[in-house]
Amino acid sequence: MSTPFLSVRDLKVHFSTEDGVVKAVDGLSFDVEKGQTLGIVGESGSGKSVTNMAILGLHDPRNTTLDGEILLDGKELITASERELEKLRGNKMSMIFQDALASLSPYHTIGAQIGETYRKHTGASRKEARARSIEMLRRVGIPQPDMRVDDYPHQFSGGMRQRAMIAMALVCDPELLIADEPTTALDVTVQAQIMDLLKDLQQEFGTAIIFITHDLGVIADIADDVLVMYGGRCVERGTKEEVLRTPDHPYTLGLLGSMPSLNGPVDVPLSPIPGSPPSLLNPPSGCRFHPRCAFAEKVAGGLCSSERPGLKVLDGRGSACHLTADQKHELFTEHVAARTH
Ligand SMILES: Nc1ncnc2c1ncn2[C@@H]1O[C@H](COP(=O)(O)OP(=O)(O)OP(=O)(O)O)[C@@H](O)[C@H]1O
Ligand code: SF4
Ligand SMILES: [Mg+2]
């Protein structure tokens, strides 16, 4: 079997704080292949951004402990030096965030910022970098790129800034792109345009994409595979079709019930998951979802609160729950029927 392009194994990211150790990511494994999009979904605080900052090597080493394995094209990133990571960032892997304004410098033109990334990794001249910036702006759909290249970020609209950030992230043809809620702040039309742009660019360059979102609708649009995170762990993974059509974990079922139906009747009432996300300073014992899970008492012996359910994975599909397949089938069917009638 060939090695996946990105392979994350038993990743742990723990922060030392005044109040104790925050176990933000606690034993996470996944793979991403070239040309594929992995969607990571989960409520606020589930560890999505922390996971990806770990891949990019952007955590403060003074209070962060990283453990496990992150292999990018065979290169181990956890033990890589800051210098090696610096070389990989922007070149082999790059990222786009929710807030383009915060990621772009207000003091330099858009062109200078895209060009700077290009020069840093390729040693190109200023003239070459400028030409490349214009080409990238054209590619991400900025009109009159040869004029707009000299604009400052505040002269761009929100959607255009997001496009400029994508241009900057892709200027060195990275093989891995991490997109952390890149469309959350945009209106629906611009959001759809940006997603189409990412899909086109992926087709053209064969980029592997990790797309982080709390929106299952976005996942339905862009992902090939899905990883559902809860309290710093993966609770379910599989292809997009598997996870969205036949969820195998009570938390995923809850997430699906808390959002407008993707392809079913539109008049089904939404039912948010009761309770709030767990503390990662002092996480619940056993299954971290147990204080909020409607099915916890169906598992004999109080196992849900005493024993961590392992993630059982077969051919990339799996979930971490003590319920048997038969129990899930029965309980999930009842649950959906109760919601829709
Ligand atoms: N530097 C840090 N020190 C201590 N705790 C941190 C640090 N960075 C993140 N955390 C904590 O780690 C947990 C996971 O955070 P993370 O940013 O990954 O959540 P997220 O899933 O991206 O949420 P959101 O959807 O709100 O962006 C949170 O409880 C957060 O408070
Ligand atoms: S292990 Fe128990 S608490 Fe956790 S999701 Fe499954 S049934 Fe619910
Ligand atoms: Mg986040």
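Answer yes if at least one residue in the range 174-181 is within 16 Å of ligand 1 (Cβ to nearest atom) and not aliphatic (A, V, I, L, M), and no otherwise.
Yes, because at least one residue in the range 174-181 is within 16 Å of ligand 1 (Cβ to nearest atom) and not aliphatic (A, V, I, L, M).
Any residue in the range 21-40 that is within 16 Å of ligand 3 (Cβ to nearest atom) and surrounded by fewer than 17 Cβ atoms within 10 Å (Cβ to Cβ)? Looking through the range 21-40, none of the residues is within 16 Å of ligand 3 (Cβ to nearest atom) and surrounded by fewer than 17 Cβ atoms within 10 Å (Cβ to Cβ). Just for the range 33-71: of the residues that are in contact with a helix residue (DSSP H, G or I) (Cβ under 7 Å, 6 or more places away or on another chain) and among the hydrophobic types (A, V, I, L, M, F, W, C), which one is farthest from Met93 (Cα to Cα)? Among those that are in contact with a helix residue (DSSP H, G or I) (Cβ under 7 Å, 6 or more places away or on another chain) and among the hydrophobic types (A, V, I, L, M, F, W, C), it is Val41.
When the strands (runs of 3 or more DSSP E) confined to the range 233-322 are screened for residues that are within 16 Å of ligand 1 (Cβ to nearest atom), those reaching at least 3 such residues are found at 233-239.
Taken together, Met195, Met165 contain a single residue that is buried (at least 19 other Cβ atoms within 10 Å of the Cβ), closer than 30 Å to Leu77 by Cα and either more than 13 Å from the chain's Cα centre (by Cα) or touching a residue at least 40 places away in the same chain (Cβ under 8 Å) (or both), which is Met165.
Number of residues in the range 288-314 that are out of contact with any Gly (no Cβ under 9 Å at 6 or more places or on another chain) and of a type in the set (Asp, Glu) equals 1. None of His108, His121 is in contact with a Phe, Trp or Tyr (Cβ under 9 Å, 6 or more places away or on another chain) and touching a residue at least 40 places away in the same chain (Cβ under 8 Å) except His108. Restricting attention to the range 162-212, the residues that are over 20 Å from Tyr152 (Cα atoms), part of a loop (DSSP other than H, G, I, E, B), modelled with pLDDT of 90 or more and not acidic (Asp, Glu) add up to 4.
The values are calculated or read from the model by the stated rules, or taken from the named source; none is laboratory data. Everything numeric in this text was worked out from a predicted model, so none of it was measured. Using ideal geometry, Cβ is built from the backbone for each residue, glycine included, and neighbour counts are taken over all protein chains shown.
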